[in-house]
Amino acid sequence: MALAACSSNANQRDPNAELVECALDGAADYAKDCTIERSGSADGLVLTIGREDKGYRRFIVTKDGTGVRAADGAEAATIAIVDNGMVDVSVGKDKYRLPATIKQP
């Protein structure tokens, strides 16, 4: 499963930043206002996702194809397939809708 990641620039968002849908702090509706940045590590692809006024979260896309896991913090990430090419990743009260390559069994 390959996914898509944010930086927190004081109060300004890069106008060229890639945006993904998110629902933070238990919000029911998604809005396309979280940024995503990708970087590599020995553990796999690191996704940094956030919104400048709400901080950020980091995830690692697993190399074994099982999805993503939280890169830091005590709360585990859960994944739900939304439809072809999209997944919801939830941690605590925050949800992120991310593009994904979903491998069929």
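The values are calculated or read from the model by the stated rules, or taken from the named source; none is laboratory data. None of the values given here were measured: they were computed from a predicted structure. Here the Cβ is made from the backbone with ideal geometry for all residues, glycine too, and neighbour counts use every protein chain on show. For the accessible areas, the whole protein counts, side chains as well, though only heavy atoms, and no ligand, DNA or RNA atoms are used. Shrake-Rupley method; radii C 1.70, N 1.55, O 1.52, S 1.80 Å.
Tabulated data
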quantity	calculated
Number of positions in the range 1-42 that are open to solvent by 80 Å² or more (accessible area, probe 1.4 Å) and either modelled with pLDDT of 90 or more or touching a strand residue (DSSP E or B) at 6+ places or on another chain (Cβ under 8 Å) (or both)	7
Segments classed as strands (runs of 3 or more DSSP E), wholly inside the range 60-103, with at least 3 members that are open to solvent by less than 50 Å² (accessible area, probe 1.4 Å)	86-91, 94-99
Long-range neighbours under 7 Å by Cβ, at least six apart or interchain, first residue closer than 20 Å to L45 by Cβ within the range 86-105, second of a type in the set (F, W, Y) and open to solvent by 50 Å² or more (accessible area, probe 1.4 Å)	R97/Y30
